[in-house]
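See structure below.
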Amino acid sequence: MSKVRYLLAELVRRQMFRTLGAYIVIVWGLAQGFAGLFPSFGVPDWVLRSFIYASMAATPLVVILAWKYQFTMQGLVRDTGNEDTELDGTGLLNHARARHDTLGISPIIVSWQSQGEAQQRVESSAPIVIGRDTGCDVVILDPHVSRSHAVIWAHNSAWYVTDLKSANGTWLAGGSISEALLRDQDVLHLDENGPQVTISVQDTDVTLVSGTHP
């Protein structure tokens, strides 16, 4: 997915166009109402002009708020947009990478499908970061998924998953986890009701991770 398409997807996901459209309609409606009411009460014209100018000046603030906040099934959720805080700020990703080793581990094959996209796959022996950001190894464009949601990594001939302080959590076997050992046919949920990532481990010869939407 190109950066332009990703940006458009982010604008739609964050409801930027809907929010701006609603703001314009509300301001226009209020301005029309004030224009009809103010003369009846002797309110000078400069008051209406000041209202319009203030509304125009507030538009960037509306854009910022629409970018940083979103309505989800869990309520109003703040998306910081700070990749350093989500990805490296807690040190979880760096810690997973520091512990990662390939001894006794075959390369993993990861296949997934974002909304409106064809199925994709990647093969790697390195840790695999799952998230919504285009810099991740597995990109899943879904409002449930954080920019950097979780990382899959290997140690002592076993695969693990670590949640990267995601907004909605990583779920395994019906519970939210911070870090867990992965077993054959485990199913990860990115948010309790979000996209699924199915783990298939075959005696360390082949590990397959396939992402699907419920």
>> Taking only Cα atoms of region 130-174, what ratio of Rg to Rh do you get with Rh as the Kirkwood inverse-distance radius?
In response: 1.00
> Convex hull over the alpha-carbon atoms of region 135-206: what's its volume per residue in Å³?
Replying inline: 89 Å³
>> Full-extension gain between LEU65 and ASN94, please, as 0.36 nm times their residue separation minus the C-alpha to C-alpha distance.
In response: 7.4 nm
>> Can you compute 3J(HN,Hα) from phi for each residue in region 148-163, using the Karplus curve 6.51 cos²θ - 1.76 cosθ + 1.60 with θ = phi - 60°, rounded to whole Hz and x for Gly and Pro?
In response: 10, 9, 7, 10, 9, 8, 10, 7, 6, 6, 9, 9, 10, 10, 10, 6
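Just so you know, all these numbers are worked out from the coordinates, no wet-lab data involved. Computed from a predicted structure; not experimentally measured.
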